[in-house]
Amino acid sequence: KGGTILHEGKTTLHVLSPNGQVVFIHDVSVGLLRSDLTENSANYKAQTFLKEDSKAVQLAKCSPRGSFLVTWERHSGVNNLKVWESNNGTLLTSFSCKKATLTGLQWTHDEKFAFHLVTNEIHMYDANTWKRVGKVRCQGVSSFSLPSVKGVAPNIIVGKDAAEKYLLTVFTPGTKGKPSRVDLLRYPDRMGRESSTVSADASAASTGGNNNDAVNPPSGPALTSKSLFNAEEAQVQWSPRADSALVLTQTSIDSTGESYYGSSHLFLLLENDPKRPGNGSALSVPLPPEAAKDAQGTVPIVSCSWVSNPTITGTVPFTVISGRMPALA
């Protein structure tokens, strides 16, 4: 019964904050509006809050904890990927991004660092100062993924002074004579041998904060890598503890003609390999032998998902639906 009207007008998008307490609405005649949905709010009506014009915004999303808002508008020769303070609308930084996507800028789950995809590299920034603190060098990289949440098992005790480390995946599509590849990296110590991170001394001495990688210590090798011979793109789903990831690879066209949706494969990336301490592992997920196969003898992947509860004692399970119709779970 009833309901509260937040805004009336020609709207193109709306974004709800992760905690559900704020909604951002875009009106083509006004720009981005902000509405406070908390119970103690005196007025739910959406109001303008950005310090600059935002009428041209076409895409928007929140950071994992809602502290930041990133927007994209059509490229017109100036930086068009913008990062705002979600409470007061202050413009914090901006980048150039010709593609209509927001996946090239991601935050760690605690919002301490932001990662930005550029040509052949991923740059890491301190999210408080927006000074660059490192880079991942990866020729041909097209996408990466960071977990947006990180839970802890009930039998794990985390020390207050323990240094936080962050996992991410990097996908590089194949080129002629070379397969695609997915890498499991960890910031700041296992970012790949060609990558670098900023030491505390170098960060303190930096005034510009953006171009000191040449004097910074190199990072270690990737935790694990997997060559992918039939993969044009990769979808990543992180476990609720952010210590492993499911990677679903796909091709847009099935060369056998057996599937309208192309071919797919599923892999599991683990941060810790029990057989090789200090290293990760990449495993092909085994599928039910009774699942219907295609002409090449492989099982199409319909869907996969983790059990979302991180407090499960032991290994967090996941489900897979696979096979030609009727599929099996």
Checking residue 283 against (1) open to solvent by 40 Å² or more (accessible area, probe 1.4 Å); (2) assigned to a loop (DSSP other than H, G, I, E, B); (3) at pLDDT 90 or above; (4) hydrophobic (A, V, I, L, M, F, W, C), which test does it fail?
-> (2)
Tell me the strands (runs of 3 or more DSSP E) entirely within region 81-154 that contain at least 2 residues that are more than 22 Å from residue 234 (Cβ to Cβ) and among the hydrophobic types (A, V, I, L, M, F, W, C).
-> 81-85, 91-95
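Every residue, every condition in (1) among the acidic types (Asp, Glu); (2) within 23 Å of the chain's Cα centre (by Cα); (3) assigned to a loop (DSSP other than H, G, I, E, B), yes or no:
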site	(1), (2), (3)
23	no, yes, no
34	no, no, no
38	no, no, yes
51	no, no, yes
60	no, yes, no
Quick one: would you say residue 20 is exposed (fewer than 12 other Cβ atoms within 10 Å of the Cβ), within 29 Å of residue 149 (Cβ to Cβ) and of a type in the set (Gly, Ala, Ser)?
-> yes
Count, please, the residues in region 179-235 that happen to be assigned to a helix (DSSP H, G or I) and either modelled with pLDDT of 60 or more or not polar (S, T, N, Q) (or both).
-> 8
Determine which single condition residue 105 fails, assuming it passes every other condition in (1) under 17 Å from the mean Cα position of the chain (by Cα); (2) closer than 30 Å to residue 175 by Cβ; (3) surrounded by fewer than 21 Cβ atoms within 10 Å (Cβ to Cβ).
-> (3)
So which residues in region 250-270 are open to solvent by less than 40 Å² (accessible area, probe 1.4 Å) and modelled with pLDDT of 90 or more, if there are any at all?
-> 266, 267, 268, 269
Among the residues of region 30-66, how many are surrounded by 16 or more Cβ atoms within 10 Å (Cβ to Cβ) and not hydrophobic (A, V, I, L, M, F, W, C)?
-> 10
Filtering region 169-184 down to residues that are among the basic types (Lys, Arg) and more than 23 Å from the chain's Cα centre (by Cα), which residue is nearest to residue 265 (Cα to Cα)?
-> 178
Among (1) in contact (Cβ under 8 Å) with a residue 24 or more places away in the chain; (2) open to solvent by 10 Å² or more (accessible area, probe 1.4 Å); (3) under 21 Å from residue 10 (Cβ atoms); (4) out of contact with any Gly (no Cβ under 7 Å at 6 or more places or on another chain), which single condition is residue 69 missing?
-> (2)
Checklist (1) within 30 Å of residue 119 (Cα to Cα); (2) among the aliphatic types (A, V, I, L, M); (3) over 21 Å from the mean Cα position of the chain (by Cα) applied to residue 28, failing item | (1)
Filter result (over 17 Å from residue 127 (Cβ atoms) and either modelled with pLDDT of 95 or more or surrounded by 15 or more Cβ atoms within 10 Å (Cβ to Cβ) (or both)) within region 75-88 = 79, 80
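The values are calculated or read from the model by the stated rules, or taken from the named source; none is laboratory data. Keep in mind it's a predicted model, so treat the numbers as computed, not measured. All Cβ positions, glycine included, derive from the backbone under ideal geometry; neighbour counts span all protein chains shown. Each accessible area value is taken on the protein alone, full model and side chains, heavy atoms only, with ligands, DNA and RNA left out. Shrake-Rupley method; radii C 1.70, N 1.55, O 1.52, S 1.80 Å.
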